[in-house]
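These notes concern the structure reproduced below.
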Amino acid sequence: MTDALLTIAGLKKRFGGVTAVDDVDMVVPRGAVMGLMGPNGAGKTSLVNLVTGFYRPDEGSVLLDGREVAGLSPHQISRRGITRTYQNVRLLSGFNVLEQVVAGMYASRKASSLSSLVMWPAERRERRACLERADELLTRVGVTERHELAENLPYGTQRRVEIARALATDPQLVLLDEPTAGMNREESVAVGELICSMRDQGCTVLVVEHNMRLILDYCDQAYVMSFGQVLSHGTPQECVDDPAVQKAYFGKENDASGIPALRELRSDPRRP
Amino acid sequence: MGGFWDQYRSVVEFAMANALFALGSWIAMWAGVFSMAGATFGAVGGFSAAYLDLHMGAGIVVQLLVGAGLGLGVAALLSVLLLKLESHWMAMATVALVLITRVVVLSAEEYTGGSVGTGVTRRVDLVTVIALVALVCYALARLRRSRYGMAAHAVREDAAVAAALGVNPFTVRAVAFAASGLVAGVAGVVLANLLQYIGPDTFFITLAFTMVAAMVLGGTYHWAGPIVGAIVFVGLPEVVRSYVDGVDELMTGALLVLIMVFMPRGLIDPRRQWFRRRASQPVAQEPAPQPEVVR
């Protein structure tokens, strides 16, 4: 487990006076399912946005497989093999379920527009191959619908379609931003199983979650963030048992002095 | 039928010319670029056709090729400049572009005839125009679910998501904008030939508005939208005019408002059920296994 796929060092992002991500170091080993927990506003999604190029970091580096990706555009980072899903599902309106997944194969499709104009046989073969592969991926994530518009599907199914779309980009690393938000226990377990099967197929997964159960049951390791900083790191159980983490989540008064950001917070009369 | 044809032949011709312009706008819209610049590219095509006709006696094929090439070239150059702007600023910039076009046409007297305008020998017939529309439709139908077509739609719906799937939104938009310039350039050649006279006001705000209105009215989510829109937009006032005089523009305006209120996605909407049922049929596949529902 020493082979690091993603290495984040000294990553920093400020928005005006707020430092959303403050000097974060993180290592995600290849083939791991890494959890990322933290209270609301801890900077988890900001971190995901930095790694995927949606935000440009102010300082620090992000290495994928030893190569710097910080500062690249989202599409370049995607082609290097990092992809993501979204906290609020973002499917593409107007595409049916199969097409959502085929849309993820943009980078790997080779046929030019010219060849699709003249119905070149290779282009037609490629189209069929894409549809077949999309079909397989959808079966793998447990979606039975194919020709329905994705926006008409139930929420849980939409999340699965989004994961299939992410897998269609042939990623090395998938960042799942709260994949079980708004799901019941049963659906969450199914997502957990899906994450494990992704790992078994060779993907490395970083799961941003509020759902502690999911992290405890399915992640190999975890990081806990609070106020933009890494608070704790270890196995999920170690993280949950860490007093600093309990402080951050439950705000035990006596111990809160250990966190500089919380000290400042206490002197802020607007916060409860 | 003969009487009808004589009466409406020119209406059909102009509807098809406008359909070409509307298709041009639609191609930009495909990748999420709301552009009125079709009037500018139309002017490039139209005045190049007039020049070729007047000075070299060039035939329609040469005119169309030159018009398409120049439209494509000018649009490609402008795309580098304009596509840095955000959506509605981009739309405003294309309006400004149309205003500038008129000034350029007025001052480049040597090539455009300035404020007097210039005459054009008519070298197109209805069949040619319809063939051109059909050609564009064929290309768009083929590209709809191609690698590029899906990327364009994705960029329009959510550029950030598209980027995370490996699509470079800037490139996709630039290609769409350049292609819209090509089609608008062709449309300009056609319009110049149909009108047989073009001046500084030919390719101005009215034309820019017409092509965008036809696109919105017909629907911006399928390539058939702008054609239907152009036919309604050009045809309806003519039909109305033959019964009641002087209310045609009022009717068009009211129609546009009604359609925008009640059919905000336009007349042709691929999301509508009847359209989808037919659209999904050619993909012959096993029916998806239905999840068992126990109630």
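List of remarks:
- Residues that are open to solvent by 20 Å² or more (accessible area, probe 1.4 Å) and more than 7 Å from every other protein chain (Cβ to nearest Cβ) within region B:146-172 comprise B:Arg156, B:Ala159, B:Pro169, B:Phe170, B:Thr171, listed in sequence order.
- The set of residues in region B:118-136 being within 24 Å of B:Ala22 (Cα to Cα) and either assigned to a loop (DSSP other than H, G, I, E, B) or not aliphatic (A, V, I, L, M) (or both) consists of B:Val120, B:Arg122, B:Arg123, B:Val124, B:Asp125, B:Thr128.
- Filter result for A:Ala150 (farther than 28 Å from A:Ala107 by Cβ and within 14 Å of chain B (Cβ to nearest Cβ)): no
- The requirement of being away from chain B (no Cβ under 13 Å), assigned to a helix (DSSP H, G or I) and in contact (Cβ under 8 Å) with a residue 24 or more places away in the chain is fulfilled somewhere in region A:124-138, by at least one residue.
- Hits in region B:46-90 (condition: open to solvent by less than 20 Å² (accessible area, probe 1.4 Å), more than 28 Å from B:Asp125 (Cβ to Cβ) and within 18 Å of the chain's Cα centre (by Cα)): B:Ser79, B:Met90
- Filtered residues of region B:79-107 (kept if among the small types (Gly, Ala, Ser) and in contact (Cβ under 8 Å) with a residue 40 or more places away in the chain): B:Ser79, B:Ser87, B:Ala91
- The set of residues in region B:195-215 that are of a type in the set (A, V, I, L, M) and under 10 Å from B:Phe233 (Cβ atoms) comprises B:Met211, B:Ala213, B:Ala214, B:Met215.
- So A:Asp177, is it within 14 Å of chain B (Cβ to nearest Cβ), touching a residue at least 24 places away in the same chain (Cβ under 8 Å) and open to solvent by less than 30 Å² (accessible area, probe 1.4 Å): yes
- Within region A:80-108, the only residue that satisfies the criterion of being within 8 Å of chain B (Cβ to nearest Cβ), within 18 Å of the chain's Cα centre (by Cα) and surrounded by fewer than 20 Cβ atoms within 10 Å (Cβ to Cβ) is A:Arg90.
- Extreme residue, nearest to B:Ala154 (Cα to Cα), among residues of region B:12-29 that are open to solvent by less than 20 Å² (accessible area, probe 1.4 Å) and over 11 Å from the mean Cα position of the chain (by Cα): B:Ala15
- Some residue of region B:256-263 being modelled with pLDDT under 80, of a type outside the set (Ser, Thr, Tyr) and open to solvent by less than 50 Å² (accessible area, probe 1.4 Å): no
- Filtered by the rule that a residue be open to solvent by less than 60 Å² (accessible area, probe 1.4 Å) and under 22 Å from the mean Cα position of the chain (by Cα), region B:239-253 gives B:Thr252, B:Gly253.
- Within region A:150-169, residues that are under 17 Å from A:Asp135 (Cα atoms) reach partners that are open to solvent by 10 Å² or more (accessible area, probe 1.4 Å) and acidic (Asp, Glu) with beta carbons closer than 9 Å, at six or more positions or on different chains, in the pairs A:Ala150/A:Glu99; A:Leu153/A:Glu145; A:Thr157/A:Glu145; A:Gln158/A:Glu151; A:Arg159/A:Glu187; A:Val161/A:Glu145.
- Number of positions in region B:135-145 that are under 20 Å from B:Phe41 (Cα atoms) and open to solvent by 50 Å² or more (accessible area, probe 1.4 Å): 1
The values are calculated or read from the model by the stated rules, or taken from the named source; none is laboratory data. Treat the numbers as computed from the prediction; the structure is a model and nothing was measured. Cβ coordinates were reconstructed from backbone atoms using ideal geometry, including for glycine residues, and neighbour counts include every protein chain displayed. When the accessible area is computed, the model is the full protein with side chains, heavy atoms only, and any ligands, DNA or RNA have been set aside. Shrake-Rupley method; radii C 1.70, N 1.55, O 1.52, S 1.80 Å.
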